[in-house]
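A.B. asks: Have a look at the structure that comes next, please.
The values are calculated or read from the model by the stated rules, or taken from the named source; none is laboratory data. On a predicted model such as this, the values are computed, not experimentally measured, just so you know. Neighbour counts run over all protein chains shown; Cβ positions are idealised from the backbone, glycine included.
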Amino acid sequence: MVGKDCVAIACDLRLGLQALTVSNNFPKVFQYGDNVFLGLTGLATDVSTVSDLFRYKVNMYRLREERAIAPSTFANLVSSSLYERRFGPYFVSPVVAGLDPKTGAPFICGFDSIGCIDFAKDFIVSGTASEQLFGMCESLWEPNLGPEDLFETISQALLSAVDRDALSGWGAHVYVIEKNKVTKRLLKGRQD
Amino acid sequence: MSRRYDSRTTIFSPEGRLYQVEYALEAISHAGTAIGILAKDGIVLAAERKVTSKLLEQDTKPTRSPPGGFHKCKSADPASNMICAVAGMTSDANILINFARQSAQRYLLTYNEDIPCEQLVRKLCDLKQGYTQHGGLRPFGVSFIYAGWDPQRQFQLYLSNPSGNYGGWKATSAGANKASADSLLKQDYKEDCTLKEACGMAVKVLSKTMDSTKLSSEKIEFATVGQTADGKIYQRLWSADEITTLLKEHDLAKDASAEDK
Amino acid sequence: MRGATILKASDDKTRQLNKHTLYIQANAQLYSMRNETDLSPTALAHYVRGQLATSLRSRKPYNVNLLLGGVDPITHKPSLFWLDYLAALAPVPYAAHGYAQYYCLSILDKHHHPDMTLVQGIKVLEMCTDELKRRLPIDFKGMIVKAVTKDGIRDIEFNDDKVVKCP
């Protein structure tokens, strides 16, 4: 979700087999460098595989280039890496959020499982609760939110949406990314 | 006589020597000096940067040595949890460092943990060793000094050379004047010295082994591995200002007024 | 024994599991020999996950669910990992696989707490097996119980003959 000179990204913590909850400590948002974040929903095994794979790729990028990766560059890396598996895809739908390291401009985008980028100026949603999230974000989001308001908006949107989805919830991680500062908050949420 | 044996890496001479490996070592002894000192709370790596020409672009970052040169020194990081100083051919070092980074990242991918220092060093040395045995190839002309930390063995310092040998050290050196640097380190080394003392020792040794008596931040590079108060491990490549301050502390800095003349 | 189809299914599964764990055991041992140190439980869990994830997209995937328990050789922290045949890995405070999940997880939800001792743990485990005896349609022929401590793995005596009656 985009705010004024800041972005936020959040995920729930549930890991389940259909209706059976296995773990309530399975974060789906991963940090790559100072202000590039990747959220992954979908098949849990591919969430781990893909997040580890990008850690490898981004670390090598940083060592080689001696600078952090920019979110737009990272988005293209995600896209091309997913398309490599065009005919045997990872079952994930990623979301990228970050601030451009030079201009500080917010950047968000989403992908389908084979890497088609969906750029957005406002918000991106993904996962089993995406329909509910669309509704919540459409009604709560407004342009130019400050970091605190953005945190409130994204948290309310997420919590309200997952309450209407039996397959999501069980706590949440919320990251608010500002220039030179990243705030990570844990939301307990409903544990039932 | 020796001509019959020294043209190939894979052949022992009748005296049981591998000439190509010895030549590689010789090449390194023309490189700038690099030293590493293990302290109880960290490790310092210091290296001489040879400035070959005024026209050469000086990198703003202290990590990179001028590209393509022969016998340059530099501090580079093979992985995120280790740093190393290089003495020898930069081009050879680049290949090895890339290999080390890939190995370390592959380990992280497999085990979700940083690679233990010795394993990374050994991986690199296995590669180096291969080039002393398999036909038609020249050995890598580089020595590395590695500084790292892992949960099992805490702070560690290693030295490796073109033959593929490596060892753990309390203080060691590579490059030009290795012999004198080593004996100075042997003389000055104190068990349980702090990182700060080790830094002081490093500049002193460098000032004695380098050709010029007065040092400046353009001529040397510094990097440290240490532990913050809350137990986090950090690696840091020093900025020019920090090096200058250190030099002034030990009264080894080049006089600013003398430089103007 | 009797109830052939059901018992055979569980028999099959154990073999598969052994086959896979043999492969893992061999690799973990090779690592220990090469590096003169043991892998930590987290490192091993991620290694196994990697193997399973590769196998998942191969022609003949391993079909095995795992629980991995261990104590870190350096920090002495115990850890438990839940890993299914799809190679989804999760660090968990308690876990179960198969049909047992449906019976046991709710008991564990209620009675587990983070700093419980081994003795307390065994008690909760007994509550779980009692529940299984009471409600699971299959006779699972008792339990093998092992405890992993920082000093190693040891077998725990467990009373399999206890008769559980419905209340």
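A.B. asks: Filter segment C:141-167 down to the residues that are part of a strand (DSSP E or B) and on the phi > 0 side of the Ramachandran plot and list them by number.
C.D. replies: Scanning segment C:141-167 gives a single hit, C:G152.
A.B. asks: Return yes when A:R55 is farther than 15 Å from A:C109 by Cβ, surrounded by fewer than 19 Cβ atoms within 10 Å (Cβ to Cβ) and within 14 Å of chain C (Cβ to nearest Cβ) and no when it is not.
C.D. replies: For A:R55, the condition - farther than 15 Å from A:C109 by Cβ, surrounded by fewer than 19 Cβ atoms within 10 Å (Cβ to Cβ) and within 14 Å of chain C (Cβ to nearest Cβ) - is met.
A.B. asks: Hey, can you tell me all the residues within segment C:51-79 that are touching a residue at least 12 places away in the same chain (Cβ under 8 Å), at the interface with another protein chain (Cβ under 7 Å from one of its Cβ atoms) and within 20 Å of A:S48 (Cβ to Cβ)?
C.D. replies: Listed by number, the residues that qualify are C:A53, C:L56.
A.B. asks: Do we have any residue at all in segment A:102-125 that's closer than 23 Å to A:G33 by Cα, in contact with a Gly (Cβ under 8 Å, 6 or more places away or on another chain), within 14 Å of another protein chain (Cβ to nearest Cβ) and not hydroxyl-bearing (S, T, Y)?
C.D. replies: No, segment A:102-125 contains no residue that is closer than 23 Å to A:G33 by Cα, in contact with a Gly (Cβ under 8 Å, 6 or more places away or on another chain), within 14 Å of another protein chain (Cβ to nearest Cβ) and not hydroxyl-bearing (S, T, Y).
A.B. asks: Now, a different point. Kindly provide the set of residues from segment B:136-149 that are within 14 Å of chain C (Cβ to nearest Cβ) and in a loop (DSSP other than H, G, I, E, B), ordered by number.
C.D. replies: Scanning segment B:136-149 gives no hits.
A.B. asks: Test A:V50 against the criterion of being surrounded by 17 or more Cβ atoms within 10 Å (Cβ to Cβ), in a helix (DSSP H, G or I), at pLDDT 95 or above and among the aliphatic types (A, V, I, L, M), and give yes or no.
C.D. replies: So A:V50 fits the description; yes.
A.B. asks: So, in segment C:83-98, exactly how many residues are over 16 Å from A:T21 (Cβ atoms) and aromatic (F, W, Y)?
C.D. replies: Final tally of qualifying residues: 1.
A.B. asks: To continue, here is another question. Identify, please: which residue in segment A:17-47 is under 18 Å from A:F91 (Cα atoms) and out of contact with any strand residue (DSSP E or B) (no Cβ under 6 Å at 6 or more places or on another chain) and is, among those, surrounded by the most Cβ atoms within 10 Å (Cβ to Cβ)?
C.D. replies: The selected residue is A:T45.
A.B. asks: Shifting gears a bit: Within segment A:88-101, how many residues are within 14 Å of chain C (Cβ to nearest Cβ) and touching a helix residue (DSSP H, G or I) at 6+ places or on another chain (Cβ under 6 Å)?
C.D. replies: 3
A.B. asks: Also, quick follow-up: Kindly evaluate A:K4 against the criterion of being more than 10 Å from every other protein chain (Cβ to nearest Cβ), out of contact with any strand residue (DSSP E or B) (no Cβ under 7 Å at 6 or more places or on another chain) and either buried (at least 18 other Cβ atoms within 10 Å of the Cβ) or more than 23 Å from A:F111 (Cβ to Cβ) (or both).
C.D. replies: yes
A.B. asks: On to the next question. Given the conditions (1) assigned to a loop (DSSP other than H, G, I, E, B); (2) modelled with pLDDT of 90 or more; (3) surrounded by 16 or more Cβ atoms within 10 Å (Cβ to Cβ), and given that C:C104 satisfies all but one, which numbered condition is not satisfied?
C.D. replies: (1) is the only condition that C:C104 fails.
A.B. asks: Pairs, please: C-beta under 7 Å, at least 6 apart or cross-chain, first residue under 13 Å from B:S217 (Cα atoms) and in segment B:229-241, second buried (at least 16 other Cβ atoms within 10 Å of the Cβ) and hydroxyl-bearing (S, T, Y)?
C.D. replies: Listed pairs, sorted by first residue: B:L237/B:S75; B:A240/B:S217.
A.B. asks: Quick check on segment A:72-86. Is at least one of its residues within 11 Å of another protein chain (Cβ to nearest Cβ), crowded, with 19+ Cβ neighbours inside 10 Å, on the phi < 0 side of the Ramachandran plot and in a loop (DSSP other than H, G, I, E, B)?
C.D. replies: no
A.B. asks: Can you tell me which residue is farthest from B:Q152 (Cα to Cα) among those in segment B:109-127 that are touching a helix residue (DSSP H, G or I) at 6+ places or on another chain (Cβ under 7 Å) and in a helix (DSSP H, G or I)?
C.D. replies: B:L127
A.B. asks: Considering only segment B:150-176, state which residues are at positive phi and within 14 Å of chain C (Cβ to nearest Cβ).
C.D. replies: Passing the criteria: only B:Q154.
A.B. asks: Oh, and also: For segment C:82-96, which residues satisfy the criterion of being of a type outside the set (D, E) and under 17 Å from C:L56 (Cβ atoms)?
C.D. replies: Hits for segment C:82-96 are C:W82, C:L83, C:Y85, C:L86, C:A87, C:A88, C:L89, C:A90.
A.B. asks: Taking the residues in segment A:150-184 that are touching a residue at least 12 places away in the same chain (Cβ under 8 Å) and of a type in the set (D, E, K, R) as candidates, determine which candidate is surrounded by the most Cβ atoms within 10 Å (Cβ to Cβ).
C.D. replies: A:E178
A.B. asks: What is the number of the single condition among (1) in contact (Cβ under 8 Å) with a residue 40 or more places away in the chain; (2) more than 11 Å from chain C (Cβ to nearest Cβ) that B:R122 does not meet?
C.D. replies: The failed condition is (2).
A.B. asks: So, one more: Of the residues in segment C:91-139, how many are under 17 Å from C:L80 (Cα atoms), hydrophobic (A, V, I, L, M, F, W, C) and away from chain A (no Cβ under 14 Å)?
C.D. replies: Going through segment C:91-139 one residue at a time, the tally reaches 5.
A.B. asks: Moving on. Quick one: in segment C:31-50, which of the residues that are free of Cβ contacts under 8 Å to residues at least 12 places away in the same chain and assigned to a loop (DSSP other than H, G, I, E, B) is farthest from the other protein chains (Cβ to nearest Cβ)?
C.D. replies: Among those residues, the one meeting the criterion is C:E36.
A.B. asks: Further question on the same structure: When you look at A:P94, is it out of contact with any Ser or Thr (no Cβ under 6 Å at 6 or more places or on another chain) and in a strand (DSSP E or B), yes or no?
C.D. replies: Criteria met by A:P94.
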